[in-house]
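What follows is one structure encoded as structure tokens, with my remarks underneath.
Bear in mind these aren't lab numbers, they're just calculated from the coordinates by the rules spelled out. All of these numbers come straight from a predicted model, not from anything done at the bench. We place every Cβ from the backbone using ideal geometry, glycine too, and count neighbours over all the protein chains shown.
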Amino acid sequence: MNAPIPSTPGFRLFYLDDSGSPNDGHIVFSWVEVTPSCWRGGLRHWLDLRKQLYADFQIPPAAELHAAPLVGGRKMPSTNGEVNASKSKRRRAVRQALDAIGQNTDIAVGAVYRITDARGRAYHRERGVVYDDLIQHFTRRLEEADEFASVAMDGDGSDPTYFRAHRNMKLADRRIIEDPIFQASHVSQWVQIADLVAWTAYQSLNPNPTKTFARTWYDDFLRGRDVNGGPLQI
């Protein structure tokens, strides 16, 4: 008889996306987290929202919800041209999605940020440092809870920064297993949720006068679901 695999401590999944801009020095990483036992319920809640968005705004459930182009009108996700042409309706759709995230009791969200004077390549390097600090933040939380986790994020894996952050951890102390798992946002509902959280966190930190309408959205919809009580400076 084969020996059974030993039981393990708790486990959770982190789905990440980033926001910010090298033009103003903001670096933001945000995430949605879920345990395996809550994964189905969390996704079901989100898919119900996607059905409602189709009923209200004719945005198909398979259409990518990407906050910046949706709010800015650079993508036309709706099959209804009037919705695509209306700033107010596109913003209402985003607010409805954020409200669904905030009301989803099977998930939690979080955000970390740094504001830097670095620009160009130096900004890119600093973003890597922030990601490394985020991984250490996750690790401390996981140690306290005696849990392990995996990280999935938007992208194609071409940036080695994220691999290095994982592989630089001592194996004996690792709580995040494997390298980051990269998923294109247009095929992952979870990464799209993380994108909405990241963009909204950035707007709460960024004094951009053209986005004042979104300045309070993090407080309005997401702060109550945030594991740190709000965007955390690291």
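For the range 70-206, treating each Cα as an identical point scatterer without solvent, what Debye log10 I(q)/I(0) comes out at q = 0.15 1/Å? Ignoring solvent entirely, the Cα scatterers give -0.93. In a DSSP loop and with at most 15 other Cβ atoms within 10 Å, there are no chymotrypsin sites (Phe, Trp or Tyr not before Pro) in the range 152-184.
A DSSP coil position with no more than 11 other Cβ atoms inside 10 Å describes the following trypsin sites (Lys or Arg not before Pro) in the range 1-97: 74. Per residue, the chain reaches -13500 deg cm²/dmol at 222 nm when only DSSP H runs of four or more residues are counted, each adding -39500 (n - 2.57). When each of the peptides 167-174, 100-107 is scored by how many other beta carbons lie within 10 Å of its residues on average, the order from highest to lowest is 100-107, 167-174.
Against the main long axis of the alpha-carbon atoms of the chain, helix 189-205 sits at an angle near 70°.
Shown for the chain: lysine pairs separated by 8 or more places, or found on different chains, whose C-alpha atoms are under 27 Å apart, numbering 8.
For the chain, the fraction of C-alpha pairs more than 30 angstrom apart is 25%.
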